[in-house]
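For reference, the structure is listed below as structure tokens.
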Amino acid sequence: MSATLLPEDLPLDAHRRTHSAATKRYGFFPGCVAKESCRELFNSTMLLAERLNIELIELTAASCCGASVINDVNRDVARVLNARTYAQAEALGLDDVITICSTCTGHMRAANKELRDSEGLMDHANAILRKFGAKYEGTVTVRHLLWLLIDDIGLDALRSMVVRPLNGLKVAPFYGCHIIRPESVNGWESARRPHSLEDLIEAIGGEPVDYAGKTRCCGFHIQLEKENVAADMVGQNMRMAADHGAEAVITPCPLCHLALDGYQADSAARWGRTDLPTFHLPQLVAFALGVPADKLGLNKHLIDPRNVLVERDLIA
Amino acid sequence: MAQITLNIFRFDEAVDTVPHRDAVTVDIPETTTVLDALETAKAEVDGSISFRRSCRSAICGSCSMNINGVTGLACKTPCNTVMDENGVVVVDPMPNFQPMKDLVVHMDPFWDKYSRLKPYLQPKDADSAHDRERRVSPDDMKKLVDVANCIMCATCYALCPVVSVDPAFAGPAAIAYAYRFIEDVRDGQRTERIAQISEDYLWLCAHCYACSYCPKHVDPNDRIIDVKRAAIKDRVMMNERGPRHALVVGKTIKQTGMLAETEVIQGTIGRFNVRGLLKVAPLGLRMAAKGKMPPPFVKPIPKVDEVRTIFETLEVPVS
């Protein structure tokens with residue numbers, strides 16, 4: 001079941017039909033991690049866009065979204081930084097900013113909601129942007145690539161584009177908190193019972209694994225605060241996934257990816273070995289759509305995902 | 001009327017070593033609540049089914065439980081919003097607590113963390129110094145009313161993934177209630193309260209927003225951020241990793257426009273904290289072996305001066 005589009009005249013929201021969607025030219029905000037330790041996410045996103053015949057126009061002068069952490073020191077700075085990013089998209093004639101990170105999605109949407117819901121906050125941001133000649137008009141919608149795949153491309157169209165179905169590979173979805181919560185900010189699907197990743201896994205020929213950990217936290221944001229807490233959170237979630245038969249995990253968030261891929265080795269002492277390989281969302285979709293496996297940076301993962309692809313006769 | 005089947009967790013700590021499940025079917029309108037279904041099951045089918053409830057209208061905070069795997073108030077959850085196509089609703093006791101009997105749990109850890117806060121006003125001066133009641137402006141009171149709506153149902157505590165792996169974490173409700181006194185202009189223990197909640201791992205909140213499911217819209221997730229800002233503003237326990245992390249993230253964004261991963265790790269742990277750095281070294285080495293290390297230095301984004309202007313105008317503290 002896919003999410004339905006709302007009529008165009010509703011307030012700018014997650015399901016809005018954007019001008020960018022009509023022209024297939026989208027503003028693209030890769031975020032910091034896809035440009036630093038998860039380059040394979042950036043590269044596989046661009047390869048997927050090529051297959052989908054859409055144009056992702058990177059906002060090269062955009063700053064970090066604030067990564068949820070910057071809120072701890074100041075209530076305004078993330079909102080104004082993101083207003084600056086949206087102004088760049090508007091200057092390029094784009095009204096859609098596509099993200100590939102759950103944390104970017106949630107925090108950029110939160111900033112946009114504040115800006116649009118309160119004239120005072122929009123004026124406050126624009127007074128600072130004016131110092132360097134920028135202005136945000138409030139026309140931008142922030143969406144995750146996952147939402148673009150389902151709302152703009154469509155599951156049926158995706159299904160018809162699949163050239164290498166996943167042969168029933170059992171894939172556990174791992175959403176990442178900020179793409180679903182808080183519901184008042186995201187609201188694209190139910191935070192308590194989301195199913196977009198399951199729908200997507202099915203569309204590319206995999207078998208989605210249902211487990212309670214799929215909407216829980218990976219612990220990334222506190223990995224440095226206290227030893228073992230993040231590793232325990234990873235272990236708990238991956239134990240559940242493994243016990244429900246998962247062979248691999250898919251996540252729309254590179255922060256979750258770093259935690260899940262990095263900490264399963266450390267969590268084994270308490271939770272038992274799980275060793276579930278974790279795919280970035282665009283990696284697995286691009287693979288099913290025929291992008292050669294060796295172009296997807298699978299060799300960069302700590303838990304090598306190529307083994308399960310071999311086991312399922314998907315690669316040699 | 002509809003047939004609702006409750007799939008209920010059954011356990012009695014006095015006699016059972018392992019729990020079992022019972023399915024109990026009742027005839028009730030499907031728009032009534034899960035609590036109504038439980039009350040009907042107890043009255044008409046099995047009087048031994050145990051659960052806490054009192055007000056039946058989301059005021060007393062007694063009936064929080066897991067409903068189809070998500071914690072919430074049974075009295076605020078209509079059956080037709082959670083039942084499956086066969087009319088089945090799965091109910092379990094709140095997670096993160098020791099079960100006592102069926103849906104009743106031992107609440108002690110929750111109350112312990114709450115009482116550690118000294119959850120009462122500790123005024124700055126003696127009553128005798130005032131010839132009338134201490135007054136609070138409407139603006140100052142507005143900050144506190146949302147938190148005052150907390151009914152201590154422990155839904156947030158049960159949903160918290162950090163509590164589930166580290167019971168030392170204060171949990172969302174206690175931090176939100178600490179905020180209620182930290183921001184009370186009449187209270188004289190602001191610094192001590194911030195220090196106390198920092199010791200109870202304020203900075204271990206994982207930013208997951210699970211507590212945004214709060215049935216009373218206290219939104220502990222936002223109050224936790226407020227308390228962290230108070231800690232940074234008052235410079236309380238600033239050498240902890242939490243505040244160091246927040247301030248170094250700000251520093252790298254101000255300098256480069258990007259969150260520079262390498263510098264954030266060093267700045268949080270401490271550049272000269274050899275033992276701390278050695279602890280993260282194994283993961284770093286595993287990543288390096290895969291060519292997956294973040295770059296040591298990040299190139300500033302184009303027009304990074306604009307980002308610095310934003311930080312300077314807003315006087316954002318950075319390390």
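Can you give the charge dipole size of region B:1-67 about its Cα centre, rounded to the nearest 20 debye, using +1 on the beta carbon of Lys and Arg and -1 on the beta carbon of Asp and Glu? Working shown, then result.
Values: 6 positive and 10 negative charges, 48 e Å.
Result for region B:1-67 is approximately 240 debye, rounded to the nearest 20.
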Worksheet item: Angle, helix A:229-243 long axis vs. longest principal axis of chain A, Cα atoms, 0 to 90°, nearest 10?
Response: 60
Item to complete: Of the DSSP beta bridges with both residues in the protein assembly as shown, give the percent that are antiparallel, rounding to the nearest 5.
Response: 50
Worksheet item: GluC sites (Glu not before Pro) within region B:27-132: which are DSSP loop residues with at most 14 other Cβ atoms inside 10 Å?
Response: B:Glu85
Worksheet entry | Estimated distance in nm for a label pair at B:Val88 and A:Lys135, the labels positioned 7 Å out from Cα along Cα-to-Cβ | 6.0
Worksheet item: Among the GluC sites (Glu not before Pro) within region B:253-316, which fall in a DSSP loop and have no more than 12 other Cβ atoms within 10 Å of their own Cβ?
Response: B:Glu315
Worksheet item: If packing is taken as the mean number of other Cβ atoms within 10 Å per residue, what is the order of A:174-183, A:129-138, highest first?
Response: A:174-183, A:129-138
Response to the item:
Given a Förster distance of 45 Å, the FRET efficiency implied by the Cβ-Cβ spacing of A:Lys295 and B:Lys124, rounded to the nearest 0.05, works out to 0.10
Practice prompt. Could you calculate the contour length gain from A:Arg75 to A:Asp123, that is, 0.36 nm times the residue separation minus the distance between their Cα atoms, to one decimal place in nm?
Written response: 15.7 nm
Fill in: Cβ-derived FRET efficiency at R0 30 Å, B:Ala168 paired with B:Arg271, nearest 0.05
0.65
Practice prompt. Using only Cα atoms, find the angle between the long axis of helix B:241-256 and the longest principal axis of chain B, and express it within 0 to 90 degrees, rounded to the nearest 10.
Written response: 50
Fill in: Nearby lysines by direct alpha-carbon distance to B:Lys143 (threshold 18 angstrom, same-chain neighbours under 8 apart not counted)
B:Lys216, B:Lys228, B:Lys233
Worksheet item: Once label points are set 7 Å from the Cα along Cα→Cβ at both A:His19 and A:Asp156, what is their separation, rounded to one decimal in nm?
Response: 2.9
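Near A:Ser118, within a Cβ-to-Cβ distance under 14 Å, what is the net charge of the other residues, with Lys and Arg +1 and Asp and Glu -1? If you can, show how the numbers build up before the last one.
Numbers: positive: A:Arg75, A:Arg79, A:Lys113, A:Arg116; negative: A:Asp76, A:Glu114, A:Asp117, A:Glu119, A:Asp123.
Counting the neighbours of A:Ser118, the net charge comes to -1.
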Worksheet, complete the sentence: Per GNM of chain B with C-alpha springs under 10 angstrom, the most fluctuating residue out of B:Ile28, B:Ile182, B:Ile232 is B:Ile28
Worksheet item: Within region B:123-204, which GluC sites (Glu not before Pro) sit in a loop by DSSP and count at most 15 neighbouring Cβ atoms inside 10 Å?
Response: B:Glu133
Discussion item. Students often get this wrong: which residues of region B:216-253 have the backbone nitrogen under 12 Å from the point 7 angstrom along Cα-to-C-beta of B:Thr191?
Written reply: B:234-237
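222 nm [θ] for chain B, helices only, -39500 (n - 2.57) per DSSP H run of 4+, per residue, to 500? Intermediate values should be presented prior to the final figure.
Working: 12 runs with 126 residues, N = 319.
So the helix-based figure for chain B works out to -12000 deg cm²/dmol.
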Practice prompt. With everything on Cα atoms, drop me the angle between helix B:172-182 and the longest principal axis of chain B, reported from 0 to 90° to the nearest 10.
Written response: 60
Item to complete: Summarise the partner chain shielding of A:230-237 as one whole number: the mean count of Cβ atoms from other chains within 10 Å of each residue's Cβ.
Response: 3
Worksheet item: Among B:Ala195, B:Ala23, B:Ala74, whose mean-square fluctuation peaks in a Gaussian network model of chain B (Cα, cutoff 10 Å)?
Response: B:Ala23
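Any read-out appearing in this document is the output of simple, stated calculations on the displayed coordinates, not a laboratory observation. In this text, all values refer to a predicted model and were calculated from it rather than measured experimentally. Cβ sites come from the backbone with ideal geometry, for glycine too, and all protein chains shown count toward neighbours.
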